[in-house]
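Q: Questions regarding the structure given below will be posed in turn.
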Amino acid sequence: MSDWRPGATLAQLRQRAALLATIRDFFAVRGVLEVETPLLCSRGVTDPAIEPLVVRDGQSLAAGSRYLQTSPEYAMKRLLAAGSGPIYQICKAFRDGEAGRRHNPEFTLLEWYRPGMDHHGLMAEVAALVCSCLGARPWQAFSYREAFQRSLQLDPFTAEIAELQRAARQLTDPGTLTGGRDLWLDLLLTHGVEPWLAGQGLCFLYDYPASQAALSRLAQRNGHSVGERFELYIDGVEVANGYHELADAAEQRARFEADNRQREASGQSPRALDEALLAALAHGLPAASGVALGLDRLLMLATGETDIRRLLAFSWERS
Amino acid sequence: MANFSTNEFRPGLKVMLDGDPCSILENEFVKPGKGQAFNRVRMRNLKTGRVWERTFKSGESLEGADVMDRTMEYLYTDGEFWYFMEPDTFEQHQADAKAVGDSYLWLKEQDSCEVTLYNGSPLSVAPANFVELEIVETDPGLKGDTAQGGSKPAKLSTGAVVKVPLFVTTGEVVRVDTRTGEYQNRVSK
């Protein structure tokens, strides 16, 4: 074994520790409770675009495999339904196949939930947290629609698929890519909108197309159905994803089932639903917003490091 | 050939795309928070030389291309083909004008160069970064003018024309950077 040394510098390790201390202070002052939930879960996510890592062997796994969590969302919602009040967690999350300059398959998430807040209220709190970590700076928010209109001069809600494909071909060679409307919108977001966001500093996108609502509530805006969801970008780097949380158990079940139908259509195996989460929602989830923020990415911005692999003590390749 | 998934795309990997062998130059994984992940891949088409960016869904795979870079000795040309030899096996390969391209301007017999083989046949030829060639034609040198600036064209034994300082004369051997076509220095014989 030759390369035993860490990828990060000692100064960067100290900056990580300072960041964690700042975050814990931020929530202590605001009366948000720190919690822990299991990393190994009996149910995996149904989201077709997220692939969990699976733990298969071990004497404690008699009842079957466990999934390394892709986020602590379901367990934290069960705490909310049990009356926890505002909570946060700093934990590891795992996603198979996600590796690159800004992705490590094992990464650190900060996730928190605020009963009584809508997604705009939570965006303001996310901005306050980021400013306490990176220093005060102005922030702005654009609707998903407005961001597409400003950066690509097209309306993501009304443009025909052919128009989306035409715009995509101006940005890259899409080759033989096939997919529905959301695939082309995702491509335009990563290839066209994100470069524009690089010049926008601390910037939120909110109110995504209903088809991309994930676990957020639906609402009507100017005749279009939107998911009350937001993403935070800092200098074009995606850092956080938040929801005005869906609390309706029947609607949640329908979305899980729709995920599974999409999985089957694209040759992925369907996943058993998280019945404990659905039962918690049926019991009653307080109206709340929640957000997951990538702490390694935040540290990249705090240190100016552009490759996540040089910021982790031991990245995937060295672990 | 084996298949390679987007997460195995590394610079230098050779893959088949739309029937042509291509070399991966860069590979970036991008994902819009939630939703579809992509790989933005810069690649070079080894037949046409075209460099461009192609986007794949993450997890897609391509067939590997039977492409190998070999250091070979340039032997000679018969006007239609250029002949190269593998130094270990003495196996000879003939390359046509399309494979040789502009590289013929820098090929001197017995020099080493990089030959890219595709399915066993030369696809392209790259000369060494620096070659030493004799000047066969240039205006008479100006005696003693070794410090002044100024340059003149000189024709080399291969037919290449490079700019050389005024003091360099016909019959001398000069060292040239083949990537830029720039004169480096005189070589004492």
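Q: Tell me, what is the percent relative contact order of the stretch B:1-76, built from C-alpha pairs under 8 Å that lie six or more residues apart? Write down the numbers at each step before the final one.
A: Details: 146 pairs, mean separation 26.5, N = 76.
Worked out over the stretch B:1-76, it gives 35 percent.
Q: Now for a separate question. Over the stretch A:221-288, what relative contact order in percent results from Cα pairs under 8 Å that are six or more residues apart?
A: Computed over the stretch A:221-288, the figure is 28 percent.
Q: Another question, then. Take the Cα of A:L10, step 7 Å along the line toward its Cβ, and report every residue of the stretch A:297-319 whose backbone nitrogen sits under 18 Å from that point.
A: Zone members listed by number: A:311-314.
Q: Need the C-alpha centroid separation for the stretch B:76-120 versus the stretch A:163-227, integer Å.
A: Here the answer is 50 Å between Cα centres.
Q: Can you compute the modelled spin-label distance between A:L273 and A:E257, with each label point 7 Å from Cα toward Cβ, in nm?
A: 0.6 nm
Q: Need one word for the stretch A:24-165: rounded, prolate or oblate. Basis is the Cα gyration tensor (sqrt eigenvalues a ≥ b ≥ c); a/c below 1.5 gives rounded, then a/b vs b/c decides.
A: oblate
Q: Determine the dipole magnitude for the protein assembly as shown: charges of +1 sit on the beta-carbon of Lys and Arg, -1 on that of Asp and Glu, nothing else is charged, the reference point is the Cα centre, and the result goes in debye to the nearest 20.
A: Value, rounded to 20: 1440 debye.
Q: Could I ask something else about it? Assuming R0 = 22 Å, can you tell me the calculated FRET efficiency for the pair A:R318 and A:D96, based on Cβ-Cβ distance, to the nearest 0.05?
A: 0.75
Q: Given the options B:V41, B:V100, B:V67, state which has the largest fluctuation in a GNM of chain B using a 10 Å cut-off (strictly under) for Cα springs.
A: B:V41
Q: Right, another one. Using Cα pairs closer than 8 Å and at least 6 residues apart in sequence, work out the relative contact order for chain A, in percent.
A: It comes to 25 percent, rounded to a whole number.
Q: Would you tell me the mean number of C-beta atoms belonging to other protein chains that fall within 10 Å of each C-beta in A:223-233, as a whole number? Walk me through the intermediate numbers first.
A: Numbers: counts 0, 0, 0, 0, 1, 0, 2, 1, 3, 1, 1.
Per residue, the average neighbour count from other chains is 1.
Q: Kindly state, to the nearest 0.05, the FRET efficiency for B:E26 paired with B:S121, given R0 = 25 Å and r defined as their beta-carbon distance.
A: The calculated FRET efficiency here is 0.35.
Q: Another question about this same structure. Using modelled backbone amide H atoms (1.01 Å from N, in-plane), which distant-in-sequence or interchain residues come within less than 5 Å of A:L53's amide H?
A: Sorted by chain and number, the residues that satisfy this are A:L68, A:D96.
Q: Using only the C-alpha atoms of the protein assembly as shown, find the volume of their convex hull and express it per residue in Å³.
A: Output value, Cα hull per residue: 228 Å³.
Q: Can you give me the C-alpha center-to-center distance between the stretch A:242-319 and the stretch A:9-63, rounded to a whole angstrom?
A: For the stretch A:242-319 versus the stretch A:9-63, the Cα centre distance is 12 Å.
Q: Students often check this: by mean Cβ neighbours within 10 Å, which of A:164-173, B:23-32 ranks highest, and how do the rest follow?
A: In decreasing order of mean packing, A:164-173, B:23-32 become B:23-32, A:164-173.
Q: Now, a different point. What's the carbon and sulfur percent of the protein assembly as shown's accessible surface, probe 1.4 angstrom, rounded to a whole number?
A: Working: 11710 of 24140 Å².
In the protein assembly as shown, the share of accessible area belonging to carbon and sulfur is 49 percent.
Q: Ok, one more. Report, in debye and to the nearest 20, how large the dipole of the stretch A:123-220 comes out about its Cα centre when Lys and Arg carry +1 and Asp and Glu carry -1 on their Cβ. Mind showing how you got there, number by number?
A: Details: 7 positive and 10 negative charges, 26 e Å.
The calculated dipole for the stretch A:123-220 is roughly 120 debye.
Q: Among B:S112, B:F56, A:A99, flag the residue with its Cα farthest along the positive direction of the charge dipole of the protein assembly as shown, charges on Cβ as +1 for Lys/Arg and -1 for Asp/Glu.
A: Value: A:A99.
Q: Would you check the accessible area of A:F142, probe 1.4 Å, heavy atoms only, in square angstrom rounded to 10?
A: The accessible area comes out at roughly 10 Å².
Q: Answer rounded, prolate or oblate for the stretch A:113-260, using the Cα gyration tensor with square roots of eigenvalues a ≥ b ≥ c: rounded when a/c is under 1.5, else prolate when a/b is larger than b/c, else oblate.
A: Taking the square roots of the gyration eigenvalues as a ≥ b ≥ c, the stretch A:113-260 is oblate.
Q: Continuing with this model, one more query. Label points 7 Å out from Cα along the Cβ direction at A:A250 and B:N45: separation in nm?
A: My value for the distance between the label points is 5.6 nm.
Q: Once both labels are modelled 7 Å past Cα along the beta-carbon direction, what's the A:D25-A:E160 spacing in nm?
A: Between A:D25 and A:E160, the label points sit 5.8 nm apart.
Q: Out of B:Q94, B:L156, A:P38, whose Cα points farthest toward the positive end of the dipole of the protein assembly as shown (charges: +1 Lys, Arg; -1 Asp, Glu; placed on Cβ)?
A: A:P38
Q: Further question on the same structure: Say the dipole of chain A comes from +1 at the beta carbon of Lys and Arg and -1 at that of Asp and Glu; which of A:S151, A:H191, A:P86 then lies farthest toward its positive end?
A: Going by the Cα projections, it comes out as A:P86.
Q: Let me ask another. What whole-number distance in Å separates the alpha-carbon centres of the stretch B:4-23 and the stretch B:47-69?
A: Value for the Cα centre distance between the two parts: 3 Å.
Q: While we're looking at this one, here's another question. Go through A:W139, B:W52 and list them by solvent-accessible area, largest first, probe radius 1.4 Å.
A: Numbers: A:W139 110, B:W52 30 Å².
I get A:W139, B:W52, largest accessible area first.
Q: Compute, for the stretch B:66-158, the length of the dipole vector about the Cα centre, with Cβ point charges of +1 (Lys, Arg) and -1 (Asp, Glu) only. Units Debye, rounded to 20.
A: 420 debye
Q: Per residue of B:54-67, count partner chain C-beta atoms within 10 Å of its C-beta, then hand back the mean as an integer.
A: The per-residue average across the peptide is 3.
Q: Hey, another quick one. Quick one: Debye curve from the C-alpha atoms of the stretch A:1-62, no solvent, what's log10 I(q)/I(0) at q = 0.30 Å⁻¹?
A: Cα-only, vacuum Debye calculation for the stretch A:1-62: -1.22.
Q: Next up: Number of Lys pairs in the protein assembly as shown with C-alpha atoms less than 14 angstrom apart, excluding same-chain neighbours closer than eight positions?
A: So the count of such lysine pairs works out to 5.
The values are calculated or read from the model by the stated rules, or taken from the named source; none is laboratory data. The shown structure was predicted, so the numbers you read here are calculated from the model rather than taken from an experiment. Heads up, the Cβs are rebuilt from the backbone with ideal geometry, glycines too, and the neighbour counts pull from every protein chain shown. Heavy atoms of the whole protein, side chains included, go into the accessibility calculation; ligands, DNA and RNA do not. Shrake-Rupley method; radii C 1.70, N 1.55, O 1.52, S 1.80 Å.
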